Amino acid sequence: MSFFRKYFEGTDDRVLMKWAHYYDIYERELAQSRDRPVSFLEIGVFKGGSVPMWKAFLADGSRLTFIDIDPACANHAEPGTTIEIGNQADPDFIEKIARTYGPFDIIVDDGSHVNAHQIKSFELLWPHIADGGVYVVEDCHTSYWPGFGGGYRNEASFIEFAKRLIDRMHSWYTDQDEMFPFDPIAKELESVRFFDSITMIEKRIKTGPPTLYIIENGRIEETTRPLKIRGRRSAFAGKDGS
Ligand SMILES: C[S@@+](CC[C@H](N)C(=O)[O-])C[C@H]1O[C@@H](n2cnc3c(N)ncnc32)[C@H](O)[C@@H]1O
């Protein structure tokens with residue numbers, strides 16, 4: 001039986017509220033993070049059900065921090081966890097949280113789900129994700145809800161922001177410098193992964209630009225030459241039927 005199914009059987013009256021398919025995603029995608037103590041932050045406490053859940057899911061010795069704008073949420077802290085009260089979009093509050101409890105291996109944004117807040121919190125907290133860590137945003141379907149500042153293909157939505165992160169991750173390869181300059185976030189962006197309503201953004205600090213291996217007769221030549229080529233043409237021109 002999965003960790004979460006078993007966990008649900010022993011829950012108490014502290015309501016836990018996440019979409020059903022998130023649990024399989026977490027069990028699969030965060031599996032490696034369970035091998036060692038981590039520093040964890042969740043935005044959004046509500047009735048407190050996720051506090052004992054994350055505590056049980058993560059390795060003993062993990063440092064768990066939760067934030068919520070509602071002062072009543074402070075009552076849901078339990079041993080080994082901390083709950084701080086404040087606004088996820090307030091730079092001073094988030095800076096204080098990051099300074100006190102960061103850097104974080106895992107951050108889960110399950111707060112207001114307002115698109116501008118999701119983007120703001122990401123921008124404030126991304127520098128405080130540890131090397132190898134992951135930033136998770138839940139309920140990204142609000143990117144399609146105008147009432148939350150979203151709407152189909154609304155540039156201001158979190159999903160559109162995350163799609164642009166994909167471009168920024170590839171800016172090493174920029175070949176149209178004026179419209180698509182190199183973005184330093186490429187030096188630390190490992191992946192941007194989309195699941196139904198969940199976006200996961202992984203950090204990995206890179207020591208240099210991506211390199212190409214040219215392997216022949218047991219020898220490896222490592223080069224960044226393709227990154228310097230400008231005005232590329234298809235290597236397959238005329239060979240692919242075009
Ligand atoms: C969906 S609930 C959290 C559910 C909880 N994580 C769980 O898994 O059961 C969202 C919470 O975000 C809080 N919230 C709303 N706006 C916020 C903001 N601007 N900053 C921080 N928390 C906020 C609400 O008070 C509410 O408790």
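Does at least one position in the stretch 142-156 carry a residue that is in a helix (DSSP H, G or I), within 13 Å of the ligand (Cβ to nearest atom) and open to solvent by 20 Å² or more (accessible area, probe 1.4 Å)?
Here is the first cut: in the stretch 142-156, the residues in a helix (DSSP H, G or I) are 142-144, 146-148.
Checking the rest, the ones that are also within 13 Å of the ligand (Cβ to nearest atom) come to 142, 148.
When the remaining residues are screened for being open to solvent by 20 Å² or more (accessible area, probe 1.4 Å), the result is 148.
Yes, the stretch 142-156 contains a residue that is in a helix (DSSP H, G or I), within 13 Å of the ligand (Cβ to nearest atom) and open to solvent by 20 Å² or more (accessible area, probe 1.4 Å).
G132 is checked against (1) touching a strand residue (DSSP E or B) at 6+ places or on another chain (Cβ under 8 Å); (2) open to solvent by 30 Å² or more (accessible area, probe 1.4 Å); (3) part of a helix (DSSP H, G or I); (4) away from the ligand (no atom under 13 Å from the Cβ) and fails just one. What number does that condition carry?
Unmet condition: (3).
Filter the stretch 207-231 down to the residues that are of a type in the set (S, T, N, Q) and at pLDDT 95 or above and list them by number.
The first filter runs over the stretch 207-231 and keeps only residues of a type in the set (S, T, N, Q), leaving 207, 211, 217, 223-224.
Those that are of a type in the set (S, T, N, Q) and at pLDDT 95 or above: T211, N217, T223, T224.
Starting from residues that are more than 13 Å from the chain's Cα centre (by Cα) and among the hydrophobic types (A, V, I, L, M, F, W, C), keep the ones in the stretch 113-122 and report whichever is farthest from the ligand (Cβ to nearest atom).
A116
Can you pull out the residues in the stretch 2-25 that are over 21 Å from V137 (Cβ atoms) and in a helix (DSSP H, G or I)?
If the condition is that a residue be over 21 Å from V137 (Cβ atoms) and in a helix (DSSP H, G or I), then F3, R5, K6, Y7, F8, E9 are the ones that fit.
Of all residues in the stretch 69-116, which are crowded, with 21+ Cβ neighbours inside 10 Å and either touching a Cys at 6+ places or on another chain (Cβ under 7 Å) or assigned to a helix (DSSP H, G or I) (or both)?
Within the stretch 69-116, I94, I97, N115 qualify.
Between a first residue in the stretch 182-202 that is under 25 Å from H21 (Cβ atoms) and a second residue that is of a type in the set (S, T, N, Q), which pairs have beta carbons less than 8 Å apart while being 6 or more apart in sequence or on different chains?
Note: pairs meeting the criteria are V192/T199; R193/T199; M200/S191; I201/S191; E202/S191.
Yes or no: the stretch 45-56 includes at least one residue that is in a loop (DSSP other than H, G, I, E, B) and either away from the ligand (no atom under 16 Å from the Cβ) or among the hydroxyl-bearing types (S, T, Y) (or both). Full working, then the answer.
Start the filter on the stretch 45-56 by keeping residues that are in a loop (DSSP other than H, G, I, E, B), which leaves 45-49.
Those left that are additionally either away from the ligand (no atom under 16 Å from the Cβ) or among the hydroxyl-bearing types (S, T, Y) (or both): none.
Within the stretch 45-56, not a single residue is in a loop (DSSP other than H, G, I, E, B) and either away from the ligand (no atom under 16 Å from the Cβ) or among the hydroxyl-bearing types (S, T, Y) (or both).
Going through the stretch 28-42 one residue at a time, which ones are within 14 Å of T81 (Cβ to Cβ) and either open to solvent by less than 20 Å² (accessible area, probe 1.4 Å) or within 16 Å of the ligand (Cβ to nearest atom) (or both)? Break it down into steps so the answer makes sense when it comes.
Quick first cut of the stretch 28-42, residues within 14 Å of T81 (Cβ to Cβ) only: 37-42.
Within the stretch 28-42, V38, S39, F40, L41, E42 qualify.
In the stretch 88-112, what residues are farther than 13 Å from E42 by Cα and within 11 Å of the ligand (Cβ to nearest atom)?
A89, D90, F93
Within the set of pairs 6+ apart or on separate chains, which have a first residue in the stretch 36-56 that is hydroxyl-bearing (S, T, Y), a second that is more than 6 Å from the ligand (Cβ to nearest atom) and open to solvent by 50 Å² or more (accessible area, probe 1.4 Å), and C-beta atoms under 8 Å apart?
Filtered contacts from the stretch 36-56: S39/R63; S39/P103.
The values are calculated or read from the model by the stated rules, or taken from the named source; none is laboratory data. Since this is a predicted model, take the numbers as computed values, not measurements. Note that each Cβ is placed from the backbone with ideal geometry, even for glycine, and that neighbours are counted across all protein chains shown. All accessible areas refer to the heavy atoms of the entire protein, side chains included, with ligands and DNA or RNA removed. Shrake-Rupley method; radii C 1.70, N 1.55, O 1.52, S 1.80 Å.
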